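**Q** The structure follows.
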């Protein structure tokens, strides 16, 4: 039984016909200039049966985008590239919000004319960056000066305005997975001693101010946020997540945002596993709006989570890669197709728009 997943839900101003959310998924298929193309139009159209599509992470500026062939939302050409995508989703009966992304310290300088990445503090991400010239060691970031932070916030606001021009139904702030907002939130990457560092109330300041900027463009009822509150992500972690994230959630609750999505892997997770306990119960107590949970859910576990009240909806990521008709497969109890990790980020249609749907009965 998956009855709970097929109850409609109100996410701020967005009326979703089911509680099966398509999680943001970086796919690396944009064209020159970080412009979405016809492949993206077809990809999102195929998945329009989701209650809500959260777009792949989308750069707010050249400074903030460090992934080959990811899309952006800072130029007119990028806006024009997104318009056919949102139109196709709407024509297919769907809803789509743009996830706004600044990668902070995990932007390699090759993406930004040799300029170092920016972050909360002078820290370096572990591992290597994916770049157009191969895998390169991450670099030590340059701490953002206090006087620069309004510029970064303005970049988020401009991207939100461009998302509106492009026809999206709203935006989601990417505050998770070790990217810029997360780098400010957590204490092993935020070593500042100014108004944006130190106590939790200071470390959540950028999250709150950027969210306020997005609300100024869209209204609170069309703005969501994504957080990853448990465990290490790209070297970003916190010594007391049980204190940090309920306070962050309460601040977002006070702003009245449309929904909060949490990526919460567990010890048996298939990606980013961790023994750090999930923080969603305490976040649930602090955030009164719709709460969306994500990471390694089956249909049965998702339905149970909603029925029990620990979540209002579930975001599925990788299952949507190989199952454009995931909603129908869940509805009918059909088997889920397996995705091919070798084509997650490869160019072209293979592993992107060529996964088959169920045969009609």
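The values are calculated or read from the model by the stated rules, or taken from the named source; none is laboratory data. Note that this is a predicted model, so its numbers are computed, not measured. No Cβ is skipped: glycine too gets one built from the backbone with ideal geometry, and neighbour counts run over all protein chains shown.
**Q** Determine whether residue 197 is modelled with pLDDT of 95 or more, surrounded by 14 or more Cβ atoms within 10 Å (Cβ to Cβ), over 21 Å from the mean Cα position of the chain (by Cα) and assigned to a loop (DSSP other than H, G, I, E, B).
**A** yes
**Q** Sticking with this one: Hey, which of the strands (runs of 3 or more DSSP E) in the stretch 95-151, taking only ones fully inside, have at least 1 residues that are at pLDDT below 95 and surrounded by fewer than 20 Cβ atoms within 10 Å (Cβ to Cβ)?
**A** 128-131, 134-137
**Q** Would you check if residue 349 is closer than 17 Å to residue 54 by Cβ, modelled with pLDDT of 95 or more and in contact with a helix residue (DSSP H, G or I) (Cβ under 9 Å, 6 or more places away or on another chain)?
**A** Criteria not met by residue 349.
**Q** Right, next: Search the stretch 287-309 for residues being within 20 Å of residue 241 (Cα to Cα) and crowded, with 17+ Cβ neighbours inside 10 Å, and hand back the single one that is farthest from the chain's Cα centre (by Cα).
**A** Ranking the candidates gives 287 first.
**Q** Also: For residue 215, which of the numbered conditions (1) within 15 Å of residue 21 (Cβ to Cβ); (2) in contact with a strand residue (DSSP E or B) (Cβ under 6 Å, 6 or more places away or on another chain); (3) surrounded by fewer than 22 Cβ atoms within 10 Å (Cβ to Cβ) fails to hold?
**A** The single condition residue 215 does not satisfy is (1).
**Q** Would you check if residue 319 is modelled with pLDDT of 95 or more, in contact with a strand residue (DSSP E or B) (Cβ under 6 Å, 6 or more places away or on another chain) and either closer than 23 Å to residue 248 by Cα or crowded, with 18+ Cβ neighbours inside 10 Å (or both)?
**A** no
**Q** When the residues of the stretch 1-38 are narrowed to those that are out of contact with any strand residue (DSSP E or B) (no Cβ under 9 Å at 6 or more places or on another chain) and in a helix (DSSP H, G or I), which ends up nearest to residue 223 (Cα to Cα)?
**A** Once the filter is applied, the top-ranked residue is 4.
**Q** Of the residues that sit in the stretch 258-282 and are modelled with pLDDT of 95 or more and buried (at least 21 other Cβ atoms within 10 Å of the Cβ), which one is farthest from residue 170 (Cα to Cα)?
**A** Filtering the stretch 258-282 for residues that are modelled with pLDDT of 95 or more and buried (at least 21 other Cβ atoms within 10 Å of the Cβ), the one farthest from residue 170 (Cα to Cα) comes out as 263.
**Q** Let me ask something additional. Quick check: anything in the stretch 59-67 modelled with pLDDT of 95 or more and not in a loop (DSSP other than H, G, I, E, B)?
**A** Yes - at least one qualifying residue is present in the stretch 59-67.
**Q** Could you tell me which of the residues 255, 180, 191, 185 is modelled with pLDDT of 95 or more, over 30 Å from residue 15 (Cβ atoms) and surrounded by fewer than 22 Cβ atoms within 10 Å (Cβ to Cβ)?
**A** Selected residue: 191, the only one of 255, 180, 191, 185 that is modelled with pLDDT of 95 or more, over 30 Å from residue 15 (Cβ atoms) and surrounded by fewer than 22 Cβ atoms within 10 Å (Cβ to Cβ).
**Q** Sort out which residues of the stretch 305-344 are touching a helix residue (DSSP H, G or I) at 6+ places or on another chain (Cβ under 8 Å) and farther than 19 Å from residue 357 by Cα, and write them in order of number.
**A** Correct list: 306, 307, 310, 311, 312, 313, 314.
**Q** Residues 104, 64, 93, 114: which one is more than 20 Å from the chain's Cα centre (by Cα) and farther than 27 Å from residue 13 by Cα?
**A** The conditions single out 114.
**Q** Looking only at the stretch 71-88, decide whether some residue is assigned to a strand (DSSP E or B) and surrounded by 21 or more Cβ atoms within 10 Å (Cβ to Cβ).
**A** Checked the stretch 71-88: at least one residue is assigned to a strand (DSSP E or B) and surrounded by 21 or more Cβ atoms within 10 Å (Cβ to Cβ).
**Q** Next up: Just to verify a result, which residue in the stretch 156-183, among those that are part of a helix (DSSP H, G or I) and in contact with a strand residue (DSSP E or B) (Cβ under 8 Å, 6 or more places away or on another chain), is farthest from residue 121 (Cα to Cα)?
**A** Out of the qualifying residues, it is 163.
**Q** OK, next. Quick one: would you say residue 31 is surrounded by fewer than 20 Cβ atoms within 10 Å (Cβ to Cβ) and either within 15 Å of residue 352 (Cβ to Cβ) or within 14 Å of the chain's Cα centre (by Cα) (or both)?
**A** yes
**Q** Same structure again: Is it the case that some residue within the stretch 86-103 is on the phi < 0 side of the Ramachandran plot, in contact with a helix residue (DSSP H, G or I) (Cβ under 9 Å, 6 or more places away or on another chain) and free of Cβ contacts under 8 Å to residues at least 24 places away in the same chain?
**A** There is no residue in the stretch 86-103 that is on the phi < 0 side of the Ramachandran plot, in contact with a helix residue (DSSP H, G or I) (Cβ under 9 Å, 6 or more places away or on another chain) and free of Cβ contacts under 8 Å to residues at least 24 places away in the same chain.
**Q** Within the stretch 279-313, which residues are under 14 Å from residue 18 (Cα atoms) and assigned to a loop (DSSP other than H, G, I, E, B)?
**A** The answer is 290, 311, 312.
**Q** Looking at the stretch 203-224, can you tell me whether even one residue there is in contact (Cβ under 8 Å) with a residue 40 or more places away in the chain, more than 17 Å from residue 155 (Cβ to Cβ), in a strand (DSSP E or B) and under 17 Å from the mean Cα position of the chain (by Cα)?
**A** Yes, the stretch 203-224 contains a residue that is in contact (Cβ under 8 Å) with a residue 40 or more places away in the chain, more than 17 Å from residue 155 (Cβ to Cβ), in a strand (DSSP E or B) and under 17 Å from the mean Cα position of the chain (by Cα).
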